[in-house]
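Colleague: Please read through the structure below; I'll follow up with questions.
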Amino acid sequence: ADMNNALEKDSKAKNAADAYLYMSLAYGALKLYTKSIEINNIVINNYKDYSYLYLAYHNNGVNFTDLTQYENALKQFESATSLNPDYADSWVGKGYALMYLDRFDEALVAFEKAIKVNSADPTPWYNKACIYAKENKKAEAIESLKRALAHTPAFKHNAPHDIWLNNIREEESFKALL
């Protein structure tokens, strides 16, 4: 409450936009997604020249994803990627929203852009595996999963139970990866 009061008194302070972003992250961590979105919207509506404006859109995308509002999430991630096409997490978020909207071809494009920006991130590879498995493209799914596991072996714990991977679960090559 003290930070909120301070920001209301001097919302044009030099670091106010940063403070709002940190506050929105805190609300998101507390699963107060609607409050987090409200705070991000203060940044979006009042700090058009803020160099990290894309993060307010990105954070809103994450919040809408957590609320399973994938159309709203997609709009936010699209704004984030247009403001900063070099922020891989927003491409991953966009791909994830598209995945849940069953727009697989577009999701794959977003995940490819994320990989191009940050080839060390395993998440787009894992999500590509999920899409390919859902589409019954088993070889592509296994290859993408292999790439994800090369970066992050912890995905071995997710894969056996992930419903997106049901179509490849009985494949010997899937079992061999785990």
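Colleague: Distance in nm between label sites at residue 71 and residue 48, each 7 Å beyond Cα in the beta-carbon direction?
Modeller: If labels sit at residue 71 and residue 48, their model points lie 2.7 nm apart.
Colleague: In the stretch 40-115, which chymotrypsin sites (Phe, Trp or Tyr not before Pro) fall in coil by DSSP and have 12 or fewer other Cβ atoms within 10 Å?
Modeller: none
Colleague: Radius of gyration and Dmax for the stretch 119-160's Cα atoms, expressed in Å?
Modeller: 9.2, 26
Colleague: Let me ask something additional. About the Cα centre, and with charges only on the beta carbon of Lys, Arg (+1) and Asp, Glu (-1), how big is the dipole of the chain? Nearest 20 debye, please.
Modeller: 160 debye
Colleague: Here's a follow-up. Quick one: helix 53-66 against the long Cα principal axis of the chain, what's the angle to the nearest 10°, folded into 0 to 90?
Modeller: Rounded to the nearest ten degrees, it is 60.
Colleague: Could you pull out every one of the aspartates and glutamates with an alpha carbon less than 18 Å from that of residue 134, ignoring same-chain neighbours closer than 8 positions?
Modeller: Result set, ordered by chain and number: 102, 105, 106, 112, 143, 162, 170, 171, 172.
Colleague: Given the pairs 48/113; 31/156; 75/113; 113/156, which span a C-alpha to C-alpha distance of over 20 angstrom in this model?
Modeller: Distance filter (> 20 Å) returns 48/113; 31/156; 113/156.
Colleague: Using the Cα gyration tensor of the stretch 93-157, with a ≥ b ≥ c the square roots of its eigenvalues, what is the shape: rounded (a/c below 1.5), prolate (a/b larger than b/c) or oblate (neither)?
Modeller: oblate
Colleague: Read through the labelled values (1) 1.07; (2) 1.17; (3) 1.33 and report the label of the one computed as Cα Rg over 2.2 N^0.38 Å from the structure.
Modeller: Recomputing Cα Rg over 2.2 N^0.38 Å here gives the entry labelled (2).
Read the figures in this text as sums done on the coordinates, not as results from a lab. Please read all numbers here as calculations on a predicted model, not as lab measurements. Quick reminder, even Gly has a Cβ in these numbers, built from the backbone with ideal geometry, and neighbours come from all protein chains shown.
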